[in-house]
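Notes for the one structure printed next.
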Ligand SMILES: Nc1ncnc2c1ncn2[C@@H]1O[C@H](COP(=O)(O)OP(=O)(O)OP(=O)(O)O)[C@@H](O)[C@H]1O
Ligand SMILES: [Mg+2]
């Protein structure tokens with residue numbers, strides 16, 4: 001089993017997928033723009049070979065180089081779990097006539113308007129929206145959709161350049177911020193809690209399902225610095241209020257033609273209990289979500305993803321044992337981190353429920369909280385009981401402070 005894995009070392013957690021592939025017996029051919037000499041030690045042992053390309057986002061160039069590199073060698077799969085490369089992987093599969101999702105199918109998981117068009121046609125509840133290119137089109141779309149609305153790039157990630165707009169004056173401001181974005185989505189604002197629906201699919205059917213609740217909504221977390229954003233995987237997926245979201249999610253996978261691999265969907269649970277689609281991608285959620293799901297069931301989804309992708313079966317027990325909360329911390333002040341307060345007592349309070357403690361230590365430069373979801377590090381804590389999990393997560397949010405100056 002020979003697998004081309006696009007970007008095996010960036011972002012960091014991609015190396016864990018390289019590890020998973022090697023562990024199920026695949027020979028991994030990595031392709032990335034990291035120089036071979038700078039490949040981290042935790043990736044190298046898992047790669048059978050590696051091709052460094054000058055620009056990983058230059059699809060035509062990468063396709064030519066990879067084709068030359070592999071000439072004469074048989075390849076069975078082209079895989080990636082990094083969002084910007086899912087189309088490139090599909091193009092390579094198509095060029096080489098290989099199994100896996102087609103370019104057209106993958107586009108349905110990448111283009112935020114196309115996915116909604118396809119789902120709307122199938123009768124699923126998606127926000128009213130329009131694809132817009134010019135200021136003129138934005139104003140016309142706003143007229144039709146009404147306020148409040150959301151304006152965001154079609155191929156966005158990390159809530160970057162996403163704006164809530166409440167009136168015409170704010171619309172003009174958002175238009176000026178979005179200059180330089182070639183294509184945007186103008187969308188009905190949906191009120192409600194925001195959750196994920198994550199799966200690992202085998203021939204389009206989930207062999208593992210996950211729902212995590214965002215606290216608060218990512219857009220809010222993105223706008224207010226003092227917030228410690230969290231996401232909590234929900235152990236008990238039989239909870240009645242989650243059923244509309246689970247049903248919606250499963251239908252979305254059918255309509256969009258999912259085959260093998262991870263999906264990461266975001267949806268809204270409105271105050272009336274209705275599930276409204278947000279967006280979906282055919283890769284796992286970032287910011288530690290795969291680890292969060294692993295801790296939820298005590299399984300290794302890096303390896304199971306590899307097994308599904310290479311051998312068409314899933315070998316883990318996805319029984320959900322815990323709610324797992326991840327809490328991201330942002331330092332107070334700018335510059336170098338000088339001290340952390342409250343960590344010791346929080347760790348003592350939570351004891352063995354803490355599964356990860358990855359706060360940046362004094363001496364490190366604090367990160368830009370608007371650019372990275374993980375910010376100045378995170379904590380992960382788990383418990384079978386929901387209220388207990390929430391209590392420990394809230395304590396991490398309020399009682400632990402990182403200071404920088
Ligand atoms: N129609 C909407 N109604 C209400 N809130 C929305 C809507 N669309 C987006 N948002 C808010 O903006 C956030 C970012 O939007 P979206 O998830 O579409 O973009 P993204 O940049 O791909 O995000 P990410 O990569 O972080 O998941 C959402 O998580 C949500 O909080
Ligand atoms: Mg999103």
task = Would you please name the residue that is farthest from residue 115 (Cα to Cα), looking only at residues in the range 269-295 that are out of contact with any helix residue (DSSP H, G or I) (no Cβ under 7 Å at 6 or more places or on another chain) and assigned to a strand (DSSP E or B)?
result = 276
query = How many residues does the range 87-111 contain that are in a helix (DSSP H, G or I) and on the phi > 0 side of the Ramachandran plot?
reply = 0
task = For residues that are within 16 Å of ligand 2 (Cβ to nearest atom), more than 18 Å from the chain's Cα centre (by Cα) and surrounded by fewer than 21 Cβ atoms within 10 Å (Cβ to Cβ), tally how many sit in the range 270-321.
result = 1
query = What strands (runs of 3 or more DSSP E) completely inside the range 1-84 contain at least 2 residues that are farther than 21 Å from residue 262 by Cα?
reply = 47-52
request  = Considering only residues that are within 16 Å of ligand 2 (Cβ to nearest atom) and out of contact with any strand residue (DSSP E or B) (no Cβ under 8 Å at 6 or more places or on another chain), look in the range 138-158 and name the one that is modelled with the highest pLDDT.
outcome  = 155
ask   = Does any residue of the range 260-268 turn out to be within 17 Å of residue 397 (Cα to Cα), outside any helix (DSSP H, G or I), in contact (Cβ under 8 Å) with a residue 60 or more places away in the chain and more than 16 Å from ligand 1 (Cβ to nearest atom)?
value = no
ask   = Restricting attention to the range 185-196, does a residue exist that is farther than 30 Å from residue 381 by Cβ, more than 16 Å from the chain's Cα centre (by Cα) and surrounded by fewer than 21 Cβ atoms within 10 Å (Cβ to Cβ)?
value = yes
inquiry  = in the same structural domain as residue 307 (by TED's automatic domain parsing), buried (at least 18 other Cβ atoms within 10 Å of the Cβ) and either under 24 Å from residue 109 (Cα atoms) or within 15 Å of ligand 2 (Cβ to nearest atom) (or both): is that true of residue 200 in this structure?
reply    = yes
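The values are calculated or read from the model by the stated rules, or taken from the named source; none is laboratory data. Just so it is clear, the model here is predicted, and its values are computed rather than measured. A quick note on method: Cβ atoms are made from the backbone with ideal geometry, for glycine too, and the neighbour counts reach across all protein chains shown.
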